[in-house]
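The values are calculated or read from the model by the stated rules, or taken from the named source; none is laboratory data. Everything quoted here is computed from the prediction, not taken from an experiment. Here the Cβ positions follow ideal geometry from the backbone for every residue, glycine too, while neighbour counts run over all protein chains shown.
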Amino acid sequence: MKLLIADDEELTREGLISSIDWDALGVEQIFQADDGLKALQIATVHKPDIILSDIRMPRLSGIEMAEEVEKVLPDTSLIFMSGYSDKEYLKAAIKLKAVNYVEKPLNPDEIKEAVQEACKQRQEKLRTRQNEALYSLETFSHLAFLLTRPYKDNESEILSLADELSLRLKPGCSFTTYIIKTKSTDIASGILKELREDLDDFLHHYHLCAFYIRMHAVHHVFHIKGEAAPSATAFAAVESYMKQKFSEFGSFFIVKGETVTGISRVYQSYTSAVITLQSSFFFSSGTILKARKKEDLSPENTKNMLSPEFIQSFSELLLSKDKTACTALLDQLYHLYYQNLSILPNQVKDTYYKLFMILNDCRQKMKLSSARKNAGAEQSILTYLEGCFSYQELHQNLQDTLEEYFHSVNTYEPEDSTIFLIKDYISKHYAKESLSIKEIGDHVFLSASYVCTYFKTQTGQTLNQYLTEYRMEKAMQLLGDSRYQIADISSKVGYSNGNYFSKSFKKFTGLSPSKYREKILG
């Protein structure tokens, strides 16, 4: 706690400081002022928790000083001291809600009691203020959430909350929604609260305020409100500030929605930001994108651009060991998609999934051992693609996989012959539901227990894991072809029980077979 003693008599101030055990009262810092004006200046700078002030002082009286302090420090507790039993002063002290009024000559015990009462009042004020702030924060967040929904569905609740928060919704009020997508999902709520408070202070300089809601852990939605449309300078400052703050959390994108007039149109700003957010995937981390409209995504431009000729060419170049041509082919693909505004991320992820599978197939055809010995512990390609944050990250991973492929080609470490025979046997018999470890072991003249141990030692994953993974990847390929029914696909990959197949597929990919098909076929 910080205490300010304001009295024009030095002996009184020094006497108070020396005669009371301030540490025992929780007072850690004491400031002194010999007149009302100095007391006001010190209070403004050091923000004391308690002011112990004489009533009559030069330049500003204790009452005048306290009136000014209350404007900037409403939670500071006041204790007045006076040698005059003046009713007018007492009335003024009561009006200012002073904790106590102590008459001179001062009694240290009375001062102690007054300070203890002030400490208690101060804590109660802070608790009340914190509760009010928390409630206000939750109310603002709820309003921010409702503004991400159609206005007509929530009009009465939105207007009720706006009224509760004393928002001035003049006809010309402007709103602009920003969505910040972060790669990190574990930003502490305390850090976000501090960031919001800092942002509120920053926006205040531009006569703006923000309603914030965090959605799906990685989307931070800010509805920025102004009495009128902010200037380009104000927007640039806000975006620069957000970029600086969110850069502390790792990779991120910032998307700015349309600026609209009236709270009834905030949903329009929000949806324009959501549409544009899809394109952020194709840009570098930290990029700020402006709103785009749905019609900008023309259907002819959103088709998958990977032709059968491209796939065949890539496969042939891999098998012919032409690294330079393969790299050039991927460079063409990168320049086609980087900063592309007319295609959706899932379509490009599907393209890259096919390229990853081609690399896997070519590795098997070349009888190359896996570059990653612990491949079984790696996420499946699909799981990786789902969580990929940016196109650059996705393309870099494909380039790294290509590099590993050619490293294996150049060093030519053919896969262990027994492991190759096991994998080859699985590739030919995976559709048999009855395929067993014993059958696989018999094929390579090993016991069931030893074949499991040998496979795990050589590949880093169990034989059952490999078989399941192989079946699931075949199922994913078949699901990409709409000619096949899901029940047929189940039996084609070794599952007669459709429910068991669905559970296994969802465990492997995170999606049911029908949802996966829906996702890749668009």
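Observations on the structure shown:
- Those residues of the range 461-476 which are polar (S, T, N, Q), surrounded by 15 or more Cβ atoms within 10 Å (Cβ to Cβ) and outside any loop (DSSP other than H, G, I, E, B), in sequence order: 465, 468
- Candidate set from the range 196-239 (those that are aliphatic (A, V, I, L, M) and exposed (fewer than 12 other Cβ atoms within 10 Å of the Cβ)); member that is nearest to residue 140 (Cα to Cα): 217
- Residue in the range 504-517 that is of a type in the set (D, E, K, R), buried (at least 16 other Cβ atoms within 10 Å of the Cβ) and in a helix (DSSP H, G or I) present: yes
- Entirely in the range 256-358, the helices (runs of 4 or more DSSP H) that have 2 or more residues that are β-branched (Val, Ile, Thr), at pLDDT below 95 and assigned by TED's automatic domain parsing to the domain that holds residue 159: 266-280
- Boolean, residue 435 is touching a Leu at 6+ places or on another chain (Cβ under 9 Å), at negative phi, outside the structural domain of residue 319 (by TED's automatic domain parsing) and not in a helix (DSSP H, G or I): yes
- Criterion (part of a helix (DSSP H, G or I), outside the structural domain of residue 233 (by TED's automatic domain parsing) and either at positive phi or acidic (Asp, Glu) (or both)) met by exactly one of 155, 138, 197: 138
- The requirement of being over 20 Å from residue 3 (Cβ atoms), of a type in the set (Phe, Trp, Tyr) and either surrounded by 18 or more Cβ atoms within 10 Å (Cβ to Cβ) or modelled with pLDDT of 80 or more (or both) is fulfilled somewhere in the range 128-142, by at least one residue.
- Here 157, 117, 124, 110 are screened, and the one residue that is closer than 30 Å to residue 272 by Cβ, at pLDDT 65 or above and surrounded by fewer than 17 Cβ atoms within 10 Å (Cβ to Cβ) is 157.
- Residue 394 farther than 16 Å from residue 470 by Cα, in the same structural domain as residue 322 (by TED's automatic domain parsing) and of a type outside the set (Val, Ile, Thr): yes
- Residue in the range 445-457 that is in contact with a Cys (Cβ under 7 Å, 6 or more places away or on another chain) and either over 25 Å from residue 346 (Cβ atoms) or in the same structural domain as residue 354 (by TED's automatic domain parsing) (or both) present: no
- Residue in the range 217-226 that is out of contact with any helix residue (DSSP H, G or I) (no Cβ under 6 Å at 6 or more places or on another chain), under 30 Å from residue 346 (Cβ atoms), assigned to a loop (DSSP other than H, G, I, E, B) and of a type outside the set (Asp, Glu) present: yes
- In the condition set (1) closer than 17 Å to residue 361 by Cα; (2) modelled with pLDDT under 90, residue 402 is compliant with all but (2).
- Test result for residue 505, at pLDDT 90 or above, closer than 26 Å to residue 347 by Cβ and touching a helix residue (DSSP H, G or I) at 6+ places or on another chain (Cβ under 7 Å): yes
- In summary, strands (runs of 3 or more DSSP E) completely within the range 1-72 and bearing 2 or more residues that are touching a residue at least 60 places away in the same chain (Cβ under 8 Å) occur at 50-54.
- Looking at 212, 178, 241, 206, just one residue is at pLDDT 90 or above, among the aromatic types (Phe, Trp, Tyr) and assigned to a loop (DSSP other than H, G, I, E, B), and that residue is 206.
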